[in-house]
Amino acid sequence: MATYEYVCSRCGPFDVKLAIGTAPKAHGCPECAGEARRVFSSPGLSGTSHAAAALRAREEQSREAPAVVSELPPGTGVRHRTHPALPRLPRP
């Protein structure tokens, strides 16, 4: 279900929940039963948390200006760990 916004010339804006893709260009006003025209508005994305919105903004910025790394940060070298069973293997 999607929420579609309509505007009645007498009563003002109102929302209607309909199946996606089934919204007509005109709909009956719930107050005066007059014809209301459909208007297009921005989607309701207010349910996004601040952390998710910040991550999305950072990801979108990296498309235009990606961060370039020329060397590893100090102290973060790659450590090769051996398998714990390796010392118990038979040696020739």
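The values are calculated or read from the model by the stated rules, or taken from the named source; none is laboratory data. Treat the numbers as computed from the prediction; the structure is a model and nothing was measured. All Cβ positions, even for glycine, are placed from backbone atoms using ideal geometry, and neighbour counts span all protein chains on display. We work out accessible area using only protein heavy atoms, side chains counted, and drop any ligands, DNA or RNA first. Shrake-Rupley method; radii C 1.70, N 1.55, O 1.52, S 1.80 Å.
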Practice prompt. Between Glu60 and Arg91, with labels modelled 7 Å along Cα→Cβ, what's the label distance in nm to one decimal, could you check?
Written response: 6.0
Discussion item. In the chain, once you exclude exposed GluC sites (Glu not before Pro) (DSSP loop, at most 13 other Cβ within 10 angstrom), what's the longest stretch remaining?
Written reply: 32-70
Practice prompt. Of the options Val39, Ala67, Leu89, report the single residue whose Cα projects farthest towards the positive end of the charge dipole of the chain (beta-carbon charges: Lys, Arg +1; Asp, Glu -1).
Written response: Leu89
Worksheet item: Using 7 Å Cα-to-Cβ label points, what is the His80/Ala33 separation (nm, one decimal)?
Response: 8.4
Worksheet item: Between exposed trypsin sites (Lys or Arg not before Pro) in the chain, where DSSP calls loop and at most 13 other Cβ atoms lie within 10 Å, what's the longest gap?
Response: 26-78
Worksheet entry | Estimated [θ] at 222 nm from DSSP helical runs (n ≥ 4, -39500 (n - 2.57)) normalised by residues in the chain, nearest 500 | -5500 deg cm²/dmol
Discussion item. Can you tell me the orientation of helix 50-64 relative to the chain, as the angle in degrees between its alpha-carbon axis and the longest Cα principal axis, to the nearest 10?
Written reply: 70
Worksheet entry | Accessible surface, the chain, averaged per residue in Å² (probe 1.4 Å) | 92
Worksheet item: When the gyration tensor of the stretch 1-55 is built from Cα positions, what are the square roots of 5 times its three eigenvalues, in whole Å, from largest to smallest?
Response: 28, 12, 8
Fill in: Volume per residue of the C-alpha convex hull in the chain, rounded to whole Å³
278
Worksheet, complete the sentence: If every Lys and Arg gets +1 and every Asp and Glu gets -1 at its Cβ, then about the Cα centre the chain yields a dipole, in debye to the nearest 20, of 640
